[in-house]
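Right, one structure below, let's go through it.
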Amino acid sequence: MSPDLHGSSWDALPGGQQLRHDLELSLAYWWPRIFGYHLLQLGPLSADFDSNKCAVKHQFSIYPESGASLRGEYCQLPLKSASIDAVAMHLLLESEQDPYRILREVDRVLVSGGYLIISGINPFSSAYLGKLLPKYQQHWPWNGNFFMPARVRDWLGLLGYQLIHDERLCYHAFMSDWDFPLLLRQWQHRWLPGTGAVYLLVARKLEAPLTPLANRQRKRVRGWQPAATAGYSGRMKRE
């Protein structure tokens, strides 16, 4: 199997189809809860994803290669502002030089209250071993950048998103030479749940901040006010 440098197929990863299945199972809960008119599947992996249970009927994909519903760059989406109700992007941020710029562009096209679904490689997992081995360093996804889920959550917070789901999936190294036994993966899932190879985040674009700043100006209450009490205010000057 030839190496895939850009993540255009789930088959590029050993266990990729199982990962896709696990993601579809996790998102099966959310699809019926996402409403609107348009669902954007950003990237070829997102396009090759079962989202039939989504309540949004019009679903289309955008990526630069052929086969997309619309061909376009991720940082310059050929869409109007505030025109999309939900965006799904799977294993995409790792392959881009400026992932935060992509998130800003996605934020531009999302309506207020829209949903954003992101999955990516968790560097705090066995999947990071591929970056240490020369055999895998030039192959996708190890030829890209791995971002901690906490960093992605911080980006979403800066853009004004409310995180409503955070999960780790697929306790797999994605390397044929390091295919851990099923028993070991089950142990890892039970005792080290945060070390799943893939993170899944579901966030919602907010209309206003969660904690609005209170007015610091003290309001004066009309009517009777208690008199100020006498107290020590410094040294008394002797006559």
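The values are calculated or read from the model by the stated rules, or taken from the named source; none is laboratory data. Note that the structure is a prediction, hence the values are computed from the model and not measured. As a convention, Cβ positions derive from the backbone with ideal geometry for all residues, glycine included, and neighbour counts pool all protein chains shown. Each accessible area value is taken on the protein alone, full model and side chains, heavy atoms only, with ligands, DNA and RNA left out. Shrake-Rupley method; radii C 1.70, N 1.55, O 1.52, S 1.80 Å.
Worth pointing out:
- Cross-chain or 6+ apart pairs with Cβ under 6 Å, the range 77-88 first and under 20 Å from residue 203 (Cα atoms), then part of a loop (DSSP other than H, G, I, E, B) and open to solvent by 60 Å² or more (accessible area, probe 1.4 Å): 85/37
- Residue in the range 158-174 that is in contact with a Phe, Trp or Tyr (Cβ under 6 Å, 6 or more places away or on another chain), modelled with pLDDT of 65 or more and of a type outside the set (Lys, Arg) present: no
- Filtered residue count, the range 22-47, keeping only those that are open to solvent by 10 Å² or more (accessible area, probe 1.4 Å), of a type outside the set (S, T, N, Q) and either touching a helix residue (DSSP H, G or I) at 6+ places or on another chain (Cβ under 6 Å) or closer than 17 Å to residue 121 by Cβ (or both): 2
- Here residue 50 fulfils each of the conditions (1) free of Cβ contacts under 8 Å to residues at least 40 places away in the same chain; (2) touching a helix residue (DSSP H, G or I) at 6+ places or on another chain (Cβ under 7 Å); (3) open to solvent by less than 20 Å² (accessible area, probe 1.4 Å) apart from (3).
- Candidate set: the range 1-54, residues that are closer than 26 Å to residue 84 by Cβ, acidic (Asp, Glu) and not in a loop (DSSP other than H, G, I, E, B); chosen: the one modelled with the lowest pLDDT: 22
- Looking only at the range 55-69, and only at residues there that are in a loop (DSSP other than H, G, I, E, B) and in contact with a Pro (Cβ under 9 Å, 6 or more places away or on another chain), the one that is surrounded by the most Cβ atoms within 10 Å (Cβ to Cβ): 63
- Within the range 84-139, the set of residues being assigned to a helix (DSSP H, G or I), open to solvent by 60 Å² or more (accessible area, probe 1.4 Å) and at pLDDT below 95 comprises 128, 134, 135, 137.
- Check on residue 72, without any contact (Cβ under 8 Å) to a residue 24 or more places away in the chain, in contact with a Pro (Cβ under 9 Å, 6 or more places away or on another chain) and open to solvent by 20 Å² or more (accessible area, probe 1.4 Å): no
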